[in-house]
Amino acid sequence: MASTTSDLTRPRRWTLALLVILIAFASVLLAPATAHAAPGDDQEKTDFYFAGTITFDDKPVPDVVVEVDGNGFKAHTKTDAEGKWRLYVPEKAKYTITVDESTLPKGVIVGSEDGSSGSASQEVEFGLTGSKIVNLFLGEGVRQTTSKFDEFLGGLVNGINFGLLLALAAMGAALVYGTTGLSNFSHGEMVSWGAVVALIVSSFWHLPLWLGVTAAIVGGVALGLAMDAGLWRPLRRRGLGTVQLMIVSIGLSLALRYALQFLIGGGTAQLPGASPDPMVFGPIRLSYIDLISMGVSIIAILGVIFFLRGTRVGKATRAISDNPQLAAASGINVDRVIRLVWMLAGGLAALSGVLWAYFRPGVKWDMGTGMLLLIFSAITLGGLGSATGALIGALIIGIVVETCTVFGVPSDLKYAGALVVLIIMLLVRPQGLLGRKERLG
């Protein structure tokens, strides 16, 4: 029989692509908006806030953008007609207040109290009360600007860092999809689980960080084992189809997400050593944690590639991904291999969650939900079921997300860049970069 594209594989491919698009729109609609209101407007009121007044030559300066960033929280506001601003934050912690100098009048920059030039950013902390007045001084001067090329270069390096940690989660999810055909919507919670375990061990119990990371990976492997042994294998033996399994994974995602909220609460917590001072390499700003993160990610990714190409179990995994029936007929223990794949996916997701908690920074009960769209996008972009394709797709998405703001995309919409890349790829090459059309005959 002549080789033709299988009509049976098209619905599965396009169903997953449609789901990714629907998740993207749902994420945009449901994601909490960044605060951007002037004093007294629609910011989410809390018991803690920073406030101040911006004036120049004893006159108020309206419409100046002031940003707050830290402890996993980011928001911005504008000064009102009297030059006043107020920014609410979720809890007492160290934050960075930044004035967007591009919104200041021409020839005016942020200075210091003695009239000398100063930095547009300053670190601030609360005292005994829940409010803090921040004094900001303006003066005449020449505004220092960064070239677009330097901004792009810095974003490129950050994008590679982000893409590598995203690849850890995407490769595990791709292996699960390749061996079982399951689009696992609870994979985001597997990412969150790793960060939560590391937080409990290293921050709540005050044990060494290396022990927290080790516990996170072991906990991720245990979660993958428990999910397959307790849920997915029994459902596979009952003959449930991929759509039914996908619906079950959505319910499991919700259950795990709110279990994590019950475990650590609804706030944002920090792992030890989060937000260190960056090291400057020309236009590139990286902390020692960023360098460690990239090194760990590369080592883990190379380990996965060696596992798939250099071990008998890895080759069996690839065989099952290509044709599970033929692999079973060849004597491969399909259930055993799938069990190992779930354990590997859990460990990779947990490691990705720890690195994401430092990149973000912060640990939150629903942090993995924000990564789910990007994980599915990387898998679809690289080619369904291909771990190497998921790696390439994750790197592309990481670079796009971190560099698109250089070209005028608002930071609140930068994750939509991943969706644009995905749609273009589906229009040009529906099977993904490394995917192939399955054939009959």
### Task
Select, from A259, A269, the only residue that is among the hydrophobic types (A, V, I, L, M, F, W, C) and either in contact with a strand residue (DSSP E or B) (Cβ under 8 Å, 6 or more places away or on another chain) or within 30 Å of L153 (Cα to Cα) (or both).
A269
### Query
Out of all the residues in the range 366-392, which are within 17 Å of L302 (Cα to Cα) and without any contact (Cβ under 8 Å) to a residue 60 or more places away in the chain?
I392
#### Entry: Test result for G155, among the small types (G, A, S), assigned to a helix (DSSP H, G or I) and over 30 Å from T242 (Cβ atoms)
yes
### Query
What is the number of the single condition among (1) touching an Asp or Glu at 6+ places or on another chain (Cβ under 9 Å); (2) modelled with pLDDT of 95 or more that G224 does not meet?
(1)
### Query
Are there any pairs, at least 6 apart or on different chains, whose C-beta atoms fall under 6 Å, with the first in the range 208-230 and acidic (D, E) and the second in a helix (DSSP H, G or I), and if so, which?
D228/R339; D228/W342
### Message
Cβ-Cβ distance below 7 Å, separation of 6 or more or different chains: which pairs start in the range 348-360 with a residue that is touching a residue at least 40 places away in the same chain (Cβ under 8 Å) and end on one that is among the aromatic types (F, W, Y) and part of a helix (DSSP H, G or I)?
### Response
A350/W193; G353/W193; F359/F162
### Filter pass, S377 being buried (at least 22 other Cβ atoms within 10 Å of the Cβ), outside the structural domain of K94 (by TED's automatic domain parsing), at pLDDT 85 or above and more than 18 Å from the chain's Cα centre (by Cα)
no
### Query
Pick from E101, E82: which is over 30 Å from G382 (Cβ atoms), surrounded by 14 or more Cβ atoms within 10 Å (Cβ to Cβ) and at pLDDT 55 or above?
E101
### Query
What number of residues within the range 355-401 satisfy the criterion of being more than 15 Å from V421 (Cα to Cα), in a helix (DSSP H, G or I) and β-branched (V, I, T)?
2
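The values are calculated or read from the model by the stated rules, or taken from the named source; none is laboratory data. All values reported here derive from a predicted model rather than from experimental measurement. Don't worry about glycine lacking a Cβ; one is built from the backbone with ideal geometry, like all the others, and counts go over all protein chains shown.
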